[in-house]
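Scroll down for the structure; my scribbles are underneath it.
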Amino acid sequence: MDAIEVIRAKRDRGELSTAQIDWVIAAYTRGDVADEQMSALAMAILLNGMNRREIADWTQAMIRSGERMDWSALDRPTADKHSTGGVGDKITLPLAPLVAACGAYVPQLSGRGLGHTGGTLDKLESVPGWRASLSNDEMLDVLRTAGAVVCAAGSGLAPADKKLYALRDVTGTVESIPLIASSIMSKKIAEGTGSLVLDVKVGSGAFMKDVTTARELAETMVALGTDAGVRTVALLTAMDRPLGRAVGNALEVEESVEVLAGGGPEDVVELTVRLAREMLEAAGVSGAKDPAKALQDGSAMDAWRRMIAAQGGDPDAALPRAAETLTVEAPASGVLSRLDAYAVGLAAWRLGAGRARKEDPVSFGAGVTLHAKPGDPVRAGQPLLTLHADETSRFERALEALDGGYAVSDAAADHLPLVIDRVTAG
Ligand code: URA
């Protein structure tokens with residue numbers, strides 16, 4: 001077989017055979033298919049698509065490029081959640097210990113942020129001492145100690161995806177449903193979880209800007225997981241506005257701890273509890289404690305503290321704070337009718353919370369605090385947002401990002417419901 005033949009087949013809108021897919025993924029992982037050839041194939045896939053059988057074969061080939069983890073030594077079911085990424089989406093932080101407190105193990109491999117959406121590992125690394133890199137044995141130890149572990153995927157997990165994702169990032173081939181679905185699901189299936197809840201974000205701050213494409217991505221991923229023997233469901237959830245009131249690494253940890261202490265913003269609590277119930281149901285945990293109760297009785301907080309400590313972190317340490325702040329005031333009295341997720345995410349990124357290149361450091365204290373949410377009444381001159389940065393020179397570009405990103409009107413405007421839809425197999 002040769003790469004040119006496979007590229008031509010997809011360029012000419014053909015269907016790739018299982019053998020062609022197996023060969024091209026294995027040869028690319030070995031280095032026998034060059035980056036420029038894989039770029040051409042990725043672009044042909046982006047333009048011409050793949051059918052469900054091709055996507056399933058592509059996913060399985062990426063799983064086989066590396067190790068598949070196995071949690072069968074554990075005495076309770078495993079459950080995981082994956083979010084397609086959003087602004088202020090810190091849900092994993094309260095969710096993983098919450099689900100552990102309610103009776104399932106949560107083995108979660110997470111990523112770092114790139115662009116305007118934050119990454120779970122960057123957020124957790126703002127906790128002094130916390131370590132993202134664990135060996136498989138260490139992961140098992142943390143799971144046994146705390147019931148939940150959140151850490152970086154090792155280099156042995158779906159190496160084909162690691163290589164391909166880096167290539168897609170620089171060749172304009174990220175935005176393809178077959179490539180996104182196979183990329184996410186190859187890692188989640190290889191991670192070895194028994195059940196998976198997908199949080200597919202919809203809106204300006206998400207990959208998927210509209211409900212139709214988000215539903216197509218959700219259906220594709222649910223089918224891939226189900227066919228691979230992982231009980232998988234998806235929720236489509238709102239990302240037209242930021243989630244919660246904190247955007248930025250340490251700021252989001254602080255908000256997550258508030259949720260674990262039984263408080264926190266309504267939308268973060270609602271989504272955390274809903275996803276926890278979905279995870280426990282998908283995992284088949286019978287007689288599980290109700291997640292809303294576990295947030296109130298301290299058991300989720302106990303699991304959080306054990307999880308952080310088991311990964312070297314100090315749950316009592318003060319979190320980093322940015323040196324400088326700037327308040328943005330409401331321009332008029334009325335109702336905050338719009339607060340755009342992308343604008344706030346971009347502002348937080350420019351303040352230093354995110355990175356432009358994979359190797360860049362992030363500022364743990366940088367970000368944006370929201371003092372009002374869409375639909376809230378505001379008075380002219382009241383604080384609307386606080387910007388946090390290590391250097392005042394960052395404020396100007398952040399303010400540019402926010403220009404036109406919020407509006408105060410006489411009446412509230414429509415926004416997406418927090419949970420838009422639920423997608424199941426079949
Ligand atoms: N996240 C992934 O892991 N892969 C994609 O292709 C997109 C988002």
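Observations
- For segment 170-199, a residue qualifies if it is more than 15 Å from Gly111 (Cα to Cα) and within 11 Å of the ligand (Cβ to nearest atom), and the qualifying residues are Thr173, Val174, Glu175, Ser176, Ile177, Pro178, Leu179, Ala181, Ser182.
- None of Tyr28, Tyr105 is touching a helix residue (DSSP H, G or I) at 6+ places or on another chain (Cβ under 8 Å) and either in contact (Cβ under 8 Å) with a residue 60 or more places away in the chain or surrounded by fewer than 16 Cβ atoms within 10 Å (Cβ to Cβ) (or both) except Tyr28.
- Among the helices (runs of 4 or more DSSP H) confined to segment 1-76, the ones with at least 1 residues that are of a type in the set (Phe, Trp, Tyr) are located at 18-30, 52-64.
- Filter result for Arg131 (outside the structural domain of Gly352 (by TED's automatic domain parsing), of a type in the set (Lys, Arg) and under 12 Å from the mean Cα position of the chain (by Cα)): no
- Within segment 74-84, the residues that satisfy the criterion of being within 16 Å of the ligand (Cβ to nearest atom) and either more than 9 Å from the chain's Cα centre (by Cα) or within 29 Å of Gly287 (Cα to Cα) (or both) are Asp80, Lys81, His82, Ser83.
- Residues satisfying the stated conditions in segment 204-231, i.e. part of a helix (DSSP H, G or I) and within 15 Å of the ligand (Cβ to nearest atom): Thr213, Ala214, Glu216, Leu217, Ala218, Thr220, Met221, Leu224, Gly225
- Number of residues in segment 85-120 that are more than 16 Å from the ligand (Cβ to nearest atom), touching a Gly at 6+ places or on another chain (Cβ under 6 Å) and within 18 Å of Leu198 (Cβ to Cβ) equals 0.
- Listed by first and then second residue, the pairs with beta-carbon distance under 8 Å, at least 6 apart or on different chains, first residue in segment 1-16 and of a type in the set (Lys, Arg), second at pLDDT 95 or above and assigned to a helix (DSSP H, G or I), are Lys10/Leu41; Lys10/Ala44; Lys10/Ile45; Lys10/Asn48; Arg11/Ala40; Arg11/Ala44; Arg11/Asn48; Arg13/Asn48.
- When Lys162 is tested against (1) modelled with pLDDT of 95 or more; (2) under 20 Å from Thr120 (Cα atoms); (3) of a type in the set (Lys, Arg), exactly one condition is not met: (1).
- Options Gly262, Gly248; residue that is small (Gly, Ala, Ser), within 28 Å of Met185 (Cα to Cα) and not assigned by TED's automatic domain parsing to the domain that holds Gly345: Gly248
- The listed residues are Gly192, Gly172, Gly229, and the only one of them that is without any contact (Cβ under 8 Å) to a residue 24 or more places away in the chain, surrounded by fewer than 22 Cβ atoms within 10 Å (Cβ to Cβ) and not hydrophobic (A, V, I, L, M, F, W, C) turns out to be Gly229.
The values are calculated or read from the model by the stated rules, or taken from the named source; none is laboratory data. Quick caveat: nothing in here was measured; it's all calculated off a predicted structure. Cβ coordinates were reconstructed from backbone atoms using ideal geometry, including for glycine residues, and neighbour counts include every protein chain displayed.
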